[in-house]
1. Does at least one position in segment 322-336 carry a residue that is part of a loop (DSSP other than H, G, I, E, B) and either within 17 Å of the chain's Cα centre (by Cα) or basic (Lys, Arg) (or both)?
2. With the structure loaded, tell me whether Leu251 is at pLDDT below 95 and assigned by TED's automatic domain parsing to the domain that holds Ile171 or whether it fails that test.
3. How about segment 182-266: which strands (runs of 3 or more DSSP E) wholly inside it have at least 3 residues that are touching a Pro at 6+ places or on another chain (Cβ under 9 Å), crowded, with 23+ Cβ neighbours inside 10 Å and not acidic (Asp, Glu)?
4. Being under 26 Å from Val328 (Cα atoms) and in contact with a Cys (Cβ under 9 Å, 6 or more places away or on another chain) is the requirement here; does Val265 meet it?
5. State all residues of segment 281-308 that are free of Cβ contacts under 8 Å to residues at least 12 places away in the same chain and either outside any helix (DSSP H, G or I) or among the hydroxyl-bearing types (Ser, Thr, Tyr) (or both); if no residue qualifies, say none.
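The values are calculated or read from the model by the stated rules, or taken from the named source; none is laboratory data. Everything quoted here is computed from the prediction, not taken from an experiment. Glycine gets a Cβ as well: all are built from the backbone with ideal geometry, and neighbour counts include every protein chain shown.
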Amino acid sequence: MKIMQVMAGAEFGGAEEFFTRLCLALNDTDIVQRVVLRKNVIRSQCLQNGGIDPLELNFGGRLDFYTPWVLKREIKNFEPDIIFSWMNRAASMCPKVRGLLHLGRLGGYYNLKYYSNCDHLIANTEDIKAYIIKNGWPPNKVDHLPNFANVKGSKPLSRKSLYTPENSPLILTMGRFHENKGFDILLDALSRVPEAYLWIAGDGPLKKKMEFYAENLGIKPRTRFIGWHNDVGQLFASADIFVCPSRHEPLGNVIIEAWGHNVPVISAASQGPSVLINHDIDGILFPIDDPETLTSEINRLINDPSLRYSLSKNGRKKYENNFSKEIVVKKYIEFFERILT
């Protein structure tokens, strides 16, 4: 089976990270891949380290005629059984080729006009699948396939290296500094939990604003803005609690990663997390934009070791049963085989 995977994503993001993970995972199977992506040094190096030689293109705007031309050339030369395009720009720039199956993959509630060249769509949540069908796609042309998280036994990152006391409760969050991520809500909550420290992994346009906000709240000495980290396993291994305060989160890859690393999760009840989490069983949900309730839940988890243990244990079990690499890759291969018959 030959698959051409095409991604025109952002510099960082959950979909982009999963694209890389899936390409590398499929490279360990009998599937032959041609991987095409928007120019990105770090992502390309990661793929090369895993034995994949990607083709990098600009994936520019309307005046980028070169990228579609190269994609058409690559399709002709590689002769794939499936074109697998990720998100809006890749799906719209891949040409429609008669007799060739084109899959589009959505990780959010995107405008479906970009997927007119696709024959079949993949959603990474059941709710996104329902959204696609509600907006006119035939149910037999839409499938749900989940993401998986890579979990490896990393050693904890030294708290001392980030000036964090060994015995203080450590909260971890991560993501792009964007309004949707709700980091301001978590900072508000932290100001009411005086013994806790916070590590925020990520970058983005609102980083400086959040640093200034933390300073105004008087919690800058207990907050570490640590940027993107190559080994997130080290961060999870160091943390006591993971918080996802997102106002908008179609899936919640970070929650799956936290489960895989045995870290108890607190999350805002946005779209994806509210489907993923069973409240007080494998995680804790709080209302979006509600720092008071988040404060209460953080304190409850800090003061209840047995609850932390049960949430971690049940989260890990859900990860193993639904979101491990082995489980999800098997589902993808079975889907590819089924759709080609």
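1. Filtering segment 322-336 down to residues part of a loop (DSSP other than H, G, I, E, B) leaves 324.
Retained after the next criterion (residues that are either within 17 Å of the chain's Cα centre (by Cα) or basic (Lys, Arg) (or both)): 324.
Yes: segment 322-336 contains one or more residues that are part of a loop (DSSP other than H, G, I, E, B) and either within 17 Å of the chain's Cα centre (by Cα) or basic (Lys, Arg) (or both).
2. On the way: at pLDDT below 95: yes; assigned by TED's automatic domain parsing to the domain that holds Ile171: yes.
Answer is yes for this residue.
3. 241-244
4. yes
5. Thr293, Ser296, Asn303, Asp304, Ser306
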